[in-house]
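Input: a single structure, listed below in structure tokens.
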Amino acid sequence: MRVLALVPGETETQLSFFPIINQIKDSFENAEVSVVAAPGTAAIYKLSTAVAEVVPYNFEASNSPADWANLLGIVRDREFDVALTLTDSWSIGLLLWLSGVPARLGYSGGANDLLLTNTVPRQAETPDYGDLLGLINISGTPPALSINVPRSDLAAVEAMHKGAGLADGYVLVYPGPTATGAIYPTDSWVAILKDFQQRQPDLPVVILQTDEGAPQAAAIATLVPDLKILRPETPGQAAAMIAAANLVVAVEGYPLGLAMALNVYALGLLSGDRPLLPSHDANRLVTLTSANGTLADINPDQVLKKIWSEGA
């Protein structure tokens, strides 16, 4: 059976779909799953061995007729048996209707009620997508999030570690930003990291720096002595850096998801009650959630109390 999943959203959303892909593969013998995702997020699927193909497509932009027609041609050529869409846009609904995919499944609303073959109501909270899977007779809890880190990324990060003088583990910090652009305040990070260095002077503290987080990482580095910065070029390199850490402290986002997938001890700073994916070992993940929906409301003392009470 050939399945197409159309998954708009940021890298964190793509990562949250990994358990669903694995559940489809486990439920149907010889199932082949392809994904349509935004170009900036497609690289995360290199961490999945269950995906046959990733087709880049910008769901949010005003795509040209040529882009839309190209995607339609790809979907037609692959002769999918099932299409799962997480969007209810008219352009995607029409595309799937014209593609001839026999089973077109999604959430009700928008174009989907008219152009898909089956729909289910969209849940108000973050879905686990199990309701969609029920439309193709898949039941049960999805497996815990898991990833496969390419050897090339492991080798690249090993070289980075040697260059940075990192040999025996470290504390890895992901300051942000989140998918919505929110950051945890620089002054708060400085207070946390200086306290950590004072209590654990022999354990290096490292910032995982993304392109979006470069200005804040630089600001933190000027205020915290002996801080090291690692800059992953791929999601696989980010995963390899996380796998080597003794502890990860991160705002909500895909690095926290990677820590969960790799079963690394992690403290997550969350701005709301958005459900997290199930991890292999719930005891390895601790979270602090803002009472007012803003990361800045989480006091550094709260973070430090969590870290030391959990025996970091």
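Of the residues Thr41, Thr180, ranked by 1.4 Å probe accessible area with the largest first, the sequence reads Thr180, Thr41. Counting only alpha carbon atoms, the long axis of helix 18-27 and the longest principal axis of the chain meet at about 50°.
Note: relative contact order over the stretch 1-92, using C-alpha pairs below 8 Å and six or more positions apart, is 39 percent. Considering the dipole of the chain built from charges on the beta carbon (Lys and Arg +1, Asp and Glu -1) around the Cα centre, which of Met160, Pro300, Ala238 is farthest to its positive end? The listed residue farthest towards the positive side: Met160. Angle of helix 300-309 to the longest C-alpha principal axis of the chain, folded into 0 to 90 degrees and rounded to 10: 90°.
Using a cutoff of 8 angstrom between alpha carbon atoms and counting only pairs six or more residues apart, the relative contact order for the chain works out to 15 percent.
Where the centre of each part is set by its Cα atoms, how far does the stretch 30-56 sit from the stretch 225-243, in angstrom? The stretch 30-56 and the stretch 225-243 have Cα centres spaced 23 Å from each other.
Between the amide H of Val36 and those of Ala5, Leu6, Val7, Val55, distances stay under 5 Å, these residues lying 5 or more places away or on another chain, with hydrogens modeled in the peptide plane. Rounded to the nearest 500, the 222 nm mean residue ellipticity of the chain from helices alone is -10500 deg cm²/dmol, with -39,500 (n - 2.57) taken per DSSP H run of at least 4 residues. For the stretch 1-152, the share of accessible area belonging to carbon and sulfur comes to 48 percent (1.4 Å probe, ligands and nucleic acids excluded).
The values are calculated or read from the model by the stated rules, or taken from the named source; none is laboratory data. The model shown is predicted, which means the values in this text are computed figures rather than measured ones. Using ideal geometry, Cβ is built from the backbone for each residue, glycine included, and neighbour counts are taken over all protein chains shown. Quick note on the areas: whole protein, heavy atoms, side chains included, nothing else; ligands and nucleic acids left out. Shrake-Rupley method; radii C 1.70, N 1.55, O 1.52, S 1.80 Å.
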